[in-house]
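Please read the structure below before turning to the comments.
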Amino acid sequence: TALRIDVPEKIRYRYVEDLDDCFITTKPVVSYYYPSNLSGGVEITKGCEGQCGFCVSGFTYMPFRVRSVDCVVRNVKEYLYTSGSRNIVLNSVSGMSYPYLNELAVRLDDEIGGYAATTSVRMDSVHEDPEFCSLIHRQGKDRIVFGVEGISQRLRQMTSKNCSEEQILETVRMLCRNGYRKIKFMFIFGLPGESDEDREELVRLTEKIMQIRSEEAKEGS
């Protein structure tokens, strides 16, 4: 029941269709004592195409929408100018879903010369688009973080995180060959129905990843 007469009984959900015309913070409040040369954040998308079963944002901020490359570059330049930050994080629920990510990485590198990274990286998206990792590594980055979530293939399928073990291992090998030396994986433990077999599968996967890391290190030495 509405507490005010000017508020309707039923609130309808509304969303902005064109993000280029939507307000975005490019003049953040900067602390007097906090270092201003740390990374700042500029949003590039809303919503997510992944629809992972554990992620509320993937559903509450639908439909999936993107900002144009020109708009993002303009926002990044203004953010850097007004905040004093040196690096930019491209904020989104799933950065790899941005359809112009490679073009954006090249534009930011050419026009700004600073480091730009995404906040969230899907393993399957990187497997399908290895060029982006090469572009980021060109900026001097040798660390990447993946949200794999499910500790076994069964649990990944259950949460709609549909990256196979083969994709994970092939991506790790590709990243090692591109100069990445620090690859971090994030998993969710304690999902409903998790069993000892799932945990044992994670141990075997970890051993295979370490084996690939060892092989590629020897190749590059």
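The values are calculated or read from the model by the stated rules, or taken from the named source; none is laboratory data. A quick note: this is a predicted structure, and the numbers were derived from the prediction, not measured. Note that each Cβ is placed from the backbone with ideal geometry, even for glycine, and that neighbours are counted across all protein chains shown. Areas reflect the complete protein model, heavy atoms only, side chains present, ligands, DNA and RNA absent. Shrake-Rupley method; radii C 1.70, N 1.55, O 1.52, S 1.80 Å.
Some values worked out for this structure:
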{"read-out": "Within segment 71-102, tally of residues that are open to solvent by 10 Å² or more (accessible area, probe 1.4 Å), closer than 13 Å to PHE132 by Cα and either among the hydrophobic types (A, V, I, L, M, F, W, C) or part of a helix (DSSP H, G or I) (or both)", "value": "3"}
{"read-out": "Residue count, segment 48-78 (criterion: in contact (Cβ under 8 Å) with a residue 60 or more places away in the chain and of a type outside the set (S, T, N, Q))", "value": "4"}
{"read-out": "Test for ARG177: is it more than 25 Å from the chain's Cα centre (by Cα), surrounded by 12 or more Cβ atoms within 10 Å (Cβ to Cβ) and in contact (Cβ under 8 Å) with a residue 24 or more places away in the chain", "value": "no"}
{"read-out": "Subset of segment 54-70 that is open to solvent by less than 20 Å² (accessible area, probe 1.4 Å) and in a helix (DSSP H, G or I) - its residue that is nearest to TYR13 (Cα to Cα)", "value": "GLY58"}
{"read-out": "Qualifying residues in segment 195-221 (those that are among the charged types (D, E, K, R) and open to solvent by less than 40 Å² (accessible area, probe 1.4 Å)) - the one modelled with the highest pLDDT", "value": "ASP198"}
